[in-house]
Amino acid sequence: MKYHTLIRQALIIDGSNTPGYVADVALREGRIEKIGDLSQDSAEHEIDATGRVLAPGFIDVHTHDDTVVIRHPQMLPKLSQGVTTVIVGNCGISASPVSLRADPPDPMNLLGKREAFAYPRFADYRAAVESAHPAVNVAALIGHTALRSNHMDDLHRTATPGEITAMRAQLQESLADGALGLSTGLAYASAFNAETDEVLQLSEELTAFGAVYTTHLRSEFEPVLEAMDEAFQIGRHARAPVIISHLKCAGAGNWGRSPQLLASLEHAAKTHPVGCDCYPYAASSSTLDLKQVTDAFRITITWSTPHPEMGGRDLQDIAAEWAVPLMDAARRLQPAGAVYYGMDETDVQRILAHPLSMIGSDGLPEDPFPHPRLWGAFPRVLGHFSRDLGLFPLHTAVHKMTGLSAARFGLAERGEIREGHWADLVLFDPLRVRDVADFKEPQRAAQGIDGVWVNGVLSFSDGQPNGQRPGRFLARSGDLRKGFAAL
């Protein structure tokens, strides 16, 4: 039998959270054709994978790659760390359906300038992704703040019944065209004043489609448990699975509360499909939010429109140079972006290791001085947390980035190495794999990623992309509640 590609003698960690086994894997026409002893077979392309791990391609469940997959479809920050699928539209901000009348409001500006928002219907966005031929697969959520920006003249209030009706119509149309579900970013000023009832009404559109509800909680600080309760209430109302985005204990006063948060998650999971994603760092990154400005921990400015020369510098140092209080310096820098060193490492590890958590980078590709998670999140889980710290075995690390993610988001025939599945694969050296990007030099590719296949096409090898861009748009596949039930 002659195949297109034969990967020989790899340690296969298949994404199902079970220990690996050594076997050969044959690819043909974009799919995994055969797994086993294929020593008598041949292929056009053969790879000796002895001593290396073959895993499903990593699924980045929390990205803000909405417009970059179209404008910079090579997607090197993701491809170079083994990511083969990105989920966009998180935190209430999505590139579609959007019709801007002015510059994008904070935090939609994280996705680019006004001209980047060229998709008044979700179908337009889907078509643009397909035309761009990105290097990775793309699946998309619909942002609550994006919907608000289409229909509200003032984002600092709750929506009227008429505005909610208009938003519901756009959400329903988007779900019919293959969107995964609804995301909210209720912590941001552009959505904070949306009453729970506004989101409850919108969420009713999810029910008929079996779509998902993901949320950047209304608070990740002291009222975090109340914010989690609100999220679970919305999910139960809509009979929709709930995924809490980047679950964390934010702010020095919140450190050590991760057991409470995880107990709340576990309690909700007894009667409703819930989970969370997290990134493997004790620092967050977003726009510069005056509510988060404090001297209790370090804050680094990543970009500033009025003062671009301050990118990469600490807010404390800028304030000292200007001889003004911290808050005045922050106001002078806005609009701006920041990295907040506002988490405790013990909390990060506890959430990362929990069975209900999966991995998302939350990287910001538009940021000129990005958080290193953009380039390093997935190798950091494999190398630093699994291999070096022993936080969980390698097969669990892989599961949190593949099989678990595919099941939760209904990505059919992906996330596990099985015969007949799409050949999204990553080959890595378990002894060498590690993140290299750090807070001083954040734009550095990981080490130990030896090959990445997207839909059966080798797209990254020997530390370099090869120009292939075989990614596809992935529409929602069936009822996402079934994926949770199967876990």
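Note on region 195-267 and region 437-473: Cα centroid distance 33 Å, given to the nearest whole angstrom.
Seen against the Cα atoms of the chain and their longest principal axis, helix 196-207 is set at about 30 degrees. Each of P372, H354, N109 was scored by the projection of its Cα onto the charge dipole of the chain, and the greatest displacement toward the positive side belongs to H354; charges sit on the C-beta of Lys, Arg, Asp and Glu.
Highest average first, the peptides 366-374, 226-234 ordered by how many other beta carbon atoms sit within 10 Å of their residues are 366-374, 226-234.
Evaluated with a Cβ-only charge set (Lys, Arg +1; Asp, Glu -1), the chain carries a dipole of roughly 480 debye about its Cα centre, given to the nearest 20. The phi-based Karplus calculation (6.51 cos²θ - 1.76 cosθ + 1.60; θ = phi - 60°) puts the 3J(HN,Hα) values of region 250-267 at 8, x, 4, x, 9, 4, x, 8, 4, x, 5, 5, 5, 5, 5, 4, 5, 4 Hz, whole numbers, x for Gly and Pro. Mean sequence separation of contacting Cα pairs (under 8 Å, at least six apart), scaled by the length of the chain, corresponds to a relative contact order of 21 percent. Across all Cα pairs in region 191-237, the calculated P(r) in 10 Å bins from zero up to the longest distance comes to 25, 56, 17, 1 percent per bin. For a straight C-alpha distance cut-off of 18 angstrom, the aspartates and glutamates reachable from K34 (same-chain residues fewer than eight places away being disregarded) are D14, D24, E44, E46, D48, E413, E416, E419, D424. When Rg and Dmax are taken over the Cα atoms of region 139-266, they come to 14.5, 43 Å.
The trypsin sites (Lys or Arg not before Pro) found in region 414-487 that occupy coil by DSSP, while having at most 10 further C-beta atoms within 10 Å, are K440. Considering only alpha-carbon pairs that sit under 8 angstrom and 6 or more positions apart, the relative contact order computed for region 284-341 is 50 percent. With everything on Cα atoms, drop me the angle between helix 161-176 and the longest principal axis of the chain, reported from 0 to 90° to the nearest 10. For helix 161-176, the angle is close to 10 degrees.
When the listed pairs K248/K440; K291/K400; K113/K440 are checked against a 29 Å cut-off, the alpha-carbon distance exceeds it for K291/K400. Annotation: peptides 323-334, 86-97, ranked by per-residue average of other Cβ atoms within 10 Å with the highest first, follow the order 86-97, 323-334.
Overall, the ratio between the Cα radius of gyration of region 284-341 and 2.2 N^0.38 Å, rounded to two decimals, is 0.93. Once the chain from D103 to E441 is taken as fully extended at 0.36 nm per residue, the excess over their C-alpha distance is 118.7 nm. Coupling constants for region 212-226 follow from the phi torsions by the Karplus curve (6.51 cos²θ - 1.76 cosθ + 1.60, θ = phi - 60°), and in residue order they are 9, 10, 10, 8, 7, 3, 4, 8, 10, 9, 4, x, 4, 5, 5 Hz; glycine and proline get x. Measuring between their Cα centroids, region 100-173 and region 304-365 lie 25 Å from each other.
Look at the dipole of the chain built from charges on Cβ: of G256, I87, S149, the Cα furthest out on the positive end belongs to I87. Loop-located GluC sites (Glu not before Pro) in region 184-219 (DSSP state other than H, G, I, E, B) with a sparse environment of at most 11 neighbouring Cβ atoms within 10 Å: E195. Ranking A323, P308, V293 by Cα position along the charge dipole of region 284-341, where only Lys, Arg, Asp and Glu carry charges on their C-beta atoms, puts V293 farthest toward the positive end. For region 98-178, the alpha-carbon coordinates run over 40, 28, 16 Å along the three principal axes, in decreasing order.
Taking amide H atoms as placed 1.01 Å from N in the peptide plane, the amide H of Y3 lies under 5 Å from those of S42, A43, E44, each 5 or more residues away in sequence or on another chain.
A simple rule links phi to the HN-Hα coupling: the Karplus curve 6.51 cos²θ - 1.76 cosθ + 1.60 with θ = phi - 60°, which for region 77-89 gives x, 8, 4, 5, 10, x, 7, 10, 9, 10, 10, 10, x Hz, with x for Gly and Pro. Element breakdown for the chain at a 1.4 angstrom probe: carbon and sulfur atoms account for 50% of the accessible area.
Pairwise inverse Cα distances across region 306-412, averaged and inverted, put the Kirkwood hydrodynamic radius at 16.5 Å. Based on protein heavy atoms only, the chain ends up with 36 Å² per residue of surface accessible to a 1.4 Å probe.
Trypsin sites (Lys or Arg not before Pro), restricted to region 81-121: which are DSSP loop and have at most 14 other Cβ atoms within 10 Å? For trypsin sites (Lys or Arg not before Pro) across region 81-121 that sit outside H, G, I, E and B with at most 14 neighbouring Cβ atoms in 10 Å, the list reads R101, K113.
Kirkwood-type hydrodynamic radius, the chain: 22.5 Å, calculated from all non-identical alpha-carbon pairs. With the simple spin-label model, which puts each label point 7 Å out from Cα in the Cβ direction, the A176 to T271 separation comes to 3.4 nm.
The values are calculated or read from the model by the stated rules, or taken from the named source; none is laboratory data. Computed from a predicted model, the values in this text were never measured in an experiment. FYI the Cβ positions are ideal-geometry reconstructions off the backbone, even for glycines, and counts take in every protein chain you see. Quick note on the areas: whole protein, heavy atoms, side chains included, nothing else; ligands and nucleic acids left out. Shrake-Rupley method; radii C 1.70, N 1.55, O 1.52, S 1.80 Å.
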